[in-house]
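Scroll down for the structure; my scribbles are underneath it.
Nothing in this text is a laboratory measurement; each read-out follows from the coordinates by a stated rule. Remember, predicted model here, so these are calculated numbers, not experimental data. Positions of Cβ are backbone-derived with ideal geometry, glycine not excepted, and every protein chain shown enters the neighbour counts.
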Amino acid sequence: MNYIIENGDIYTPEGIVECGSLVVNNSRIESVIPYDSIEGVNVASQSYTRVDAYRCVVIPGFIDLHVHGGGGADITDESPEQLDRLVNEHLRSGTTSQILTTFSGSTAKSIRQQVKRIADAMDFYPSVRGIHLEGPFLNPSFCGMYPAESFMLPDEDFLKSLVELSQDNIRMITIAPELEGALDLIGYCTQNDIVTSLGHSNASYELVMKSITLGLSTVTHVFNAMPQLHHRNPGSIGAALMDDRLSVQVICDGIHLHPLIINMLIKLKGHHNICLITDAMRAAGMPDGDYQLGEIGTVHLEHGCVRADDGTLASTPLTMLQSLRNILGFGDVSFIKAVHMLSSTPARVLGMGEYLGSIKKGYDADIVVLDRELNIVHVFLKGEKVI
């Protein structure tokens, strides 16, 4: 079906088109038309359904690089109905591209099952754009609440087996560069178009610099699961803050990072090098209570925070829509720059920026329409109106 989304403020890479019209032809964006030009545009050759976006903003769909679950389900669930709940919980909240993420600390067998489950889902869910392996090649000293013994040294043969099982749909891997064999694995990933991200790591500043030359390009949930900044040992945090070749992935819940730290990141990295992520587990979109975290154990959601029994933070209940609201609430950033952090920047990090993450002619028609209170009005996924 073809659409004209009209009377909305449309956020494009060139700026805001106030009270404009966005023409969607099948799965692609056909054009953005200013208010005073729409009557002169010939759209009579095809049938268009008009969607009124009066007093609304029209922005690119959100792209989440790190999501484990939502809607009461996660990627360890075997039931197709559970996977449907996961994907659609985030889609209803405006996440039109989801990089579903394996659980840190899973066994090799479970990782294979998760990868296969996600790869199969891509045949049925257009919003699932690929797989993020959060490990298992991580430093056991920075395991968070996951069992340290489940982490392993980098193993190229194991990774190759996962790539094959995924049908070449692994888009990102989080790795600790200090592990034996990690640098070679980063080189392999770069040669095979897999984004490498530093995380759960004790890497030195110097090692991070070397890793960047091999292709390391981003940092998973920056500040979390890594040593904190020290004035004589800048480490991974120093590299992440000061090297523009690294983008940073930010959990914007006000818990994993204090609002002051988020504002510091905005000043140092800019919107073009920050990706907001959810790191969401099955409690995303759900009420307070107890929830299973993958195959690890039970965790507790209360007042927007998920913790294990010992108080360790255990993923989040976030959606990308809530992340947008949060960054505007306590981040010193404009709305248009915040939108970049949820759309065009993650698209660029994934290597998909030539067709995804912006409202631009020829791009995928992944579109979110919000009212002035930042509530979802409409969501379009590859030109199909899902809400």
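What the table shows:
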item: Charge dipole (the chain, unit charges on Cβ, about Cα centre) - positive-most of I99, T12, G187; result: T12
item: Low-density loop cleavage sites - chymotrypsin sites (Phe, Trp or Tyr not before Pro) in region 1-99, where at most 12 other Cβ are within 10 Å (DSSP); result: Y54
item: Simple label model, 7 Å out from Cα along Cβ direction - I387 to D290, nm; result: 3.1
item: Folded to 0 to 90 degrees: helix 156-165 orientation relative to the chain principal axis, Cα; result: 30
item: Cβ-derived FRET efficiency at R0 45 Å, A308 paired with N375, nearest 0.05; result: 0.85
item: Of Q228, Q113, Q249, the one that fluctuates the most in a GNM where the chain has Cα springs shorter than 10 Å; result: Q228
item: Relative contact order computed over the chain (Cα-Cα under 8 Å; 6+ residues apart), in percent; result: 20
item: FRET efficiency for Y205 and L153, using Cβ-Cβ distance with R0 set to 22 Å, rounded to 0.05; result: 0.45
item: Calculated from backbone phi, Karplus (6.51, -1.76, 1.60) coupling profile of region 371-386 in Hz, x at Gly/Pro; result: 7, 5, 9, 6, 9, 5, 9, 9, 10, 10, 10, 6, x, 9, 7, 8
item: Top of L153, L260, L165 by mean-square fluctuation, Gaussian network on the chain, Cα under 10 Å; result: L260
item: Where trypsin sites (Lys or Arg not before Pro) fall in DSSP loop in region 316-387, at most 12 other Cβ within 10 Å; result: K361, R372
item: Options V57, A203, S27, ranked by Cα towards positive dipole end of the chain, top entry (Cβ charges); result: V57
item: Derived scalar couplings ³J(HN,Hα) [region 64-77; Karplus, 6.51 cos²θ - 1.76 cosθ + 1.60; whole Hz; x for Gly, Pro]; result: 9, 7, 8, 9, 9, x, x, x, x, 10, 8, 6, 7, 6
item: Region 62-350 - Kirkwood radius from inverse mean 1/r over Cα pairs (Å); result: 18.5
item: Sparse-neighbourhood loop sites, GluC sites (Glu not before Pro) in region 1-107 - DSSP loop, at most 15 other Cβ within 10 angstrom; result: E14, E78
item: Phi-based couplings in Hz for region 319-335 (Karplus 6.51, -1.76, 1.60; Gly and Pro marked x); result: 10, 5, 4, 5, 4, 4, 4, 5, 5, 6, x, 10, x, 7, 8, 6, 4
item: Nearest 10 degrees, 0 to 90: helix 108-121 Cα axis against the chain principal axis; result: 10
item: Cut-off under 5 Å, modelled amide H: who pairs with M286 long-range; result: G71
item: Estimated distance in nm for a label pair at Y35 and D244, the labels positioned 7 Å out from Cα along Cα-to-Cβ; result: 3.6
